[in-house]
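Engineer: Take a look at the following structure, please.
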Amino acid sequence: MVRQDPIQQISNAADRIKMVHEMLTPMNQKAPTRTFFIGGNFKSNLNKDSLKELVPVIAKHQTAADVVIAPPALYLLEAQSIVEANNSKVKVAAQNISGKSLGAYTGEIAAEHVLDAGIEWTLLGHSERRSIYCESDEVVAAKTVDALQKGLSVILCCGETEHQRFVENRTKEVVTGQLGAVHKALEAANLVDKWSKIVIAYEPVWAIGTGKTASTQQAQDTHLEIRNWLTTISQSVADATRILYGGSVSAANSDELAKQADIDGFLVGGASLSAQKFLPIIDSAKYSQ
Ligand code: PEP
């Protein structure tokens, strides 16, 4: 009989233990506390009539997922009254806040206004605000602190440009830098416990409104990097924080994306403007485990 070298025996045993562990561990299992979350970002679209047609359909749609819609600021009150009239679980979000208090800030909407309208959420740090309106990581962080201090929950967007991912290979550094600026501001304001009021939306800039979606693997890999970064805050923040994917999400890709272990929902732009396109994306929540 050929005697096996003891090192080889240990390594074979380790392989067998790993195999049994993988068989017993269900793939893609998500923390049950991370309810699937779908945001609809209407951006600067729709009008009074189309909003009044679309929002009731979304409000009446049955789903176990958390659904939050962000209409243009002028229609926040209208959208809020439609979801209330329908006794809907759907929530409304502002697309932005000033980050200032009430006062001499012409053209701006403060967190106080949003809360006064009965609205609980705001988007912050969307790439269009970062690139077109020059909002730096620090401005986004200051707005996040303001929103949380005043009692709003935040859908916090982050994401790299095409050049940063494909030329510079800096996706992780860019995304964790954007999130790190927020964490630093939360620490300074003694608000680290408010991570529980933040949902992260990872939105590669090159995939927003372009029809180019990150592949399922690219999205899952970056979500995992974000979740690993969250463990530097604490394991419980990493386990509880929902990380949404955004960037040309459609009914054609949402089911596969929803199955990924670290994808806890979507932030949807273009497809949220049509009930026919948006509702099937909401329904992909059933593929999340
Ligand atoms: C967005 O604006 O947040 C977004 C993801 O847009 P789209 O779905 O159109 O790519």
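Bear in mind that the values in this text are calculations on the coordinates, not laboratory data. Since the structure is predicted, the reported quantities are computational estimates derived from the model, not experimental observations. All Cβ positions, even for glycine, are placed from backbone atoms using ideal geometry, and neighbour counts span all protein chains on display.
Engineer: Would you mind pulling out the separation of the Cα centroids of the range 207-283 and the range 68-131, in Å?
Structural biologist: 22 Å
Engineer: By the scheme Lys and Arg +1, Asp and Glu -1, what is the net charge of all other residues having a beta-carbon under 10 Å from that of Leu46?
Structural biologist: Net charge in that neighbourhood comes out at +1.
Engineer: A follow-up question, please. Which number do you get for Rg(Cα) / (2.2 N^0.38 Å) in the range 38-287? Show your work: numbers first, answer last.
Structural biologist: Values: Rg = 17.0 Å, N = 250, 2.2 N^0.38 = 17.9 Å.
Normalised Rg, Cα atoms only: 0.95.
Engineer: Output the Kirkwood hydrodynamic radius of the range 48-137, Cα pairs only, in Å rounded to one decimal.
Structural biologist: Numbers: mean 1/r = 0.0711 Å⁻¹.
The answer is 14.1 Å.
Engineer: Then there is this: Starting from the range 77-144, pick out the chymotrypsin sites (Phe, Trp or Tyr not before Pro) whose DSSP state is loop and whose Cβ has at most 12 other Cβ atoms within 10 Å. Mind dumping the intermediate values first?
Structural biologist: Values: sites: Tyr105, Trp121, Tyr133; in loops: Tyr105, Tyr133.
Passing both the DSSP loop test and the Cβ count: Tyr105, Tyr133.
Engineer: Determine one quarter of the surface area of the Cα convex hull of the range 172-289, which equals its mean projected area, and express it in nm² to one decimal.
Structural biologist: Working: hull surface 29.2 nm².
So the Cα hull casts an average projection of 7.3 nm².
Engineer: For a quick check: with amide H placed at 1.01 Å from N, whose amide H comes under 5 Å from Ile69's, ignoring anything fewer than 5 positions away on the same chain?
Structural biologist: Under 5 Å from the amide H of Ile69 lie the amide H atoms of Gly40, Lys91, Val92, Ala93, each far enough along the sequence or on another chain.
Engineer: Additional query: Restricting to the range 38-287, what percent of DSSP beta bridges are antiparallel, rounded to 5?
Structural biologist: Numbers: 0 of 25 bridges.
For the range 38-287, the DSSP antiparallel bridge percentage is about 0.
Engineer: Right, next: Order the peptides 281-287, 97-103 from the highest to the lowest mean number of other Cβ atoms within 10 Å of their residues. Intermediate results must be reported in sequence, preceding the final value.
Structural biologist: Numbers: 281-287: 20.1, 97-103: 15.6.
Those peptides, ordered most packed to least, come out 281-287, 97-103.
Engineer: Further, regarding this structure: Scanning the chain for helices, which whole DSSP H stretches are 30 Å or more long along the axis (Cα) and average -1.0 or more by Kyte-Doolittle? Walk me through the numbers before you get to the answer.
Structural biologist: Values: long enough: none.
Span-like helices in the chain: none at all.
Engineer: Ranked from highest to lowest mean number of other Cβ atoms within 10 Å per residue, what is the order of the peptides 86-95, 260-269, 153-162, 216-225? Walk me through the intermediate numbers first.
Structural biologist: Numbers: 86-95: 19.5, 260-269: 25.1, 153-162: 23.5, 216-225: 18.0.
Result, highest mean Cβ count within 10 Å first: 260-269, 153-162, 86-95, 216-225.
Engineer: So what is the relative contact order of the chain, in percent, for Cα pairs below 8 Å that sit 6 or more residues apart?
Structural biologist: Details: 503 pairs, mean separation 57.4, N = 289.
This gives 20 percent for the chain.
Engineer: Looking only at Cα atoms, what is the convex hull volume of the range 178-245 per residue, in Å³?
Structural biologist: Values: hull volume 5.9 nm³, N = 68.
Convex hull of Cα atoms, per residue: 86 Å³.
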